[in-house]
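Just below is one structure, and these are the notes that go with it.
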Amino acid sequence: MRRLQERVRSGRKEEETATCKLLKRVPIFRDLNGRELYKIEQMLYGPRDWRAREAIVNQGDPGMGMYIVVSGQVRVAQMGDDGVENQLATLTPGDFFGEQALVDGSPRPASVYAVLPCSLLVFCRPDLLELLENNTPLALKMVEGLAQETSADVSELIEKLSVQLRTPERLLKEARRAGSLQ
């Protein structure tokens, strides 16, 4: 019996797929065990391939799920009110985007384009909702990971905004000290 258990345990490690290894790098899946990762792997769509310069999602489109970069490189860009497109990020294998769509299905806040030919996996909102119904503990682990990731993003944004707001204030104080402003 003990040998059988050891073979089963060692077999699970040998059977860990490249997709499960990739999922472990994504914060919302990080705390899942092997069986849970395998369950998620079965729910993923793809990998789907895109050619260089091809749009993956367009700003304003309905959000249906999140994407995980398997290979290649993608660019996240947002059209500003002034009509100028601003690049927000470049993503490579193991990176992800669109996780907010899992929670609320809101429109895409930015467009994403393939920089190089790329392959992406997709995890859709209806699959998360199905997990909430049929496997609540697994879904809650994922939602907790999503909440932690969102919280980290908000903290980073607050810090960036704080620095930006302090810079003009500091310049104004220095100008007053130097006697340039009254």
Which members of region 125-137 meet the condition of being surrounded by fewer than 18 Cβ atoms within 10 Å (Cβ to Cβ) and not charged (D, E, K, R)?
-> 126, 129, 132, 134, 135, 136, 137
When region 123-148 is checked residue by residue, the ones that are within 11 Å of the chain's Cα centre (by Cα) and at pLDDT 90 or above are 123
Among all residue pairs at least 6 apart or on different chains, which show Cβ distances below 7 Å where the first residue, located in region 130-153, is farther than 13 Å from residue 99 by Cα and the second is outside any helix (DSSP H, G or I) and at pLDDT 80 or above?
-> 141/31; 141/32
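Residue 30: in contact (Cβ under 8 Å) with a residue 40 or more places away in the chain and either over 17 Å from residue 75 (Cβ atoms) or surrounded by 16 or more Cβ atoms within 10 Å (Cβ to Cβ) (or both), yes or no? Let's see the steps before the verdict.
Working: in contact (Cβ under 8 Å) with a residue 40 or more places away in the chain: yes; either over 17 Å from residue 75 (Cβ atoms) or surrounded by 16 or more Cβ atoms within 10 Å (Cβ to Cβ) (or both): yes.
The answer is yes for residue 30.
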Here are some residues: 94, 83. Which one is part of a loop (DSSP other than H, G, I, E, B) and under 13 Å from the mean Cα position of the chain (by Cα)?
-> 94
All-but-one check, residue 42 against (1) in contact (Cβ under 8 Å) with a residue 12 or more places away in the chain; (2) within 17 Å of residue 131 (Cβ to Cβ), failing number (1)
Pick out the one residue from 95, 82, 61, 49 that is within 24 Å of residue 115 (Cβ to Cβ) and modelled with pLDDT under 90.
-> 82
Pairs returned, first residue in region 48-62 that is within 14 Å of residue 97 (Cα to Cα), second residue that is of a type in the set (Val, Ile, Thr), beta-carbon separation under 6 angstrom, 6 or more apart or interchain, are 56/112; 57/112
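The values are calculated or read from the model by the stated rules, or taken from the named source; none is laboratory data. The structure displayed is predicted, hence computed values, not measured ones. For neighbour counting, all protein chains shown are included, and Cβ atoms are generated from backbone atoms with ideal geometry for every residue, glycine included.
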